[in-house]
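The values are calculated or read from the model by the stated rules, or taken from the named source; none is laboratory data. Quick caveat, the model's predicted, so the values are computed rather than measured. Reconstructed Cβ throughout: ideal geometry from the backbone, glycine too, with neighbour counts over all protein chains shown.
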């Protein structure tokens, strides 16, 4: 995995920065297996590689800790993750931040736009956002949508803050949010599927305590097990609720938040955290309805833009699902393939 000796002229794959071991289906482990995991951890530490152990069952955690396989001050290269999806998200986020320096680049680009805006004393933020969409998606709709500038409101978000704080009860006001600068991380509650919806009153509430208005047909569907858990929580108010929030996506310039909810007539799902200082432009849904009557051609171009972005998101999702399926269903080789052999295979293919 970390070899550098190559006997032929070929481009080497990059040295591994993260290794993920999924132990979700492991029901037992002996000392020899613990020693192997410890050797993997030691090898990753020697080569400055981060090892993530995903989905570790409670029954095998004591054995791993006894063998020294646990995060600590001396084992900062090692971490635990609740499941494979969370581990992949964590590794991807850290690669983008520490290797690709995407957050720093986004922060620098936002600072440059702010400087230009202050120097010119004219705010053309929406035009910048529209031009970025045209550039990234090979479109030519920015000139047709520039008149929306007078109908939008710029919103500044500090790094670490949430875009959802602009609306009551952590629900974003309906409408479109054109991202001019910065990066945001979208998080969602994976347990929302238990009630077929997300609680509008409390995004972090347990699914069995959410509003029935969020479910299909106004019915709060729940199993007997969930019902018993709800009863226990009612009798013990001090019991902490489990946080099932997971990272859904990262969005930045070239994308629009709220297009799905605008079409479906629902509130914008998820919580958006600013990874860097961000600036977005809000176009209220009520304004869009008014413009449908006053300027239908303008709204036609807007819907054309939204449909294209929705198609791109669907295409990217299908590609990510295919990658995740290949990871989940791939048969592990008996011996790791060296970088030199991978280089040779890539050259042949």
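For residues that are buried (at least 16 other Cβ atoms within 10 Å of the Cβ) and more than 20 Å from the chain's Cα centre (by Cα), scanning just region 76-92, find the one that is nearest to residue 21 (Cα to Cα).
Looking at the filtered set, the residue picked out is 78.
Does residue 341 meet the test of being more than 30 Å from residue 150 (Cα to Cα) and outside any helix (DSSP H, G or I)?
no
Identify, from the list 48, 74, the residue that is closer than 30 Å to residue 183 by Cβ, outside the structural domain of residue 275 (by TED's automatic domain parsing) and part of a loop (DSSP other than H, G, I, E, B).
None of the other options fit; the residue is 48.
What helices (runs of 4 or more DSSP H), lying completely within region 86-188, carry at least 2 residues that are touching a helix residue (DSSP H, G or I) at 6+ places or on another chain (Cβ under 7 Å), in contact (Cβ under 8 Å) with a residue 40 or more places away in the chain and over 15 Å from residue 251 (Cα atoms)?
By residue number, 125-137, 142-145.
Against the definition (modelled with pLDDT under 90 and either assigned by TED's automatic domain parsing to the domain that holds residue 294 or under 21 Å from residue 306 (Cβ atoms) (or both)), how does residue 161 come out, yes or no?
In short, no.
Considering only residues that are within 25 Å of residue 324 (Cβ to Cβ) and part of a helix (DSSP H, G or I), which ones fall in region 7-40?
Passing the criteria: 37, 40.
For region 239-266, give me the residue count where each residue is at pLDDT 70 or above and in a loop (DSSP other than H, G, I, E, B).
Going through region 239-266 one residue at a time, the tally reaches 5.
State whether the residues of region 196-210 include one that is at negative phi, surrounded by fewer than 17 Cβ atoms within 10 Å (Cβ to Cβ) and at pLDDT 50 or above.
no
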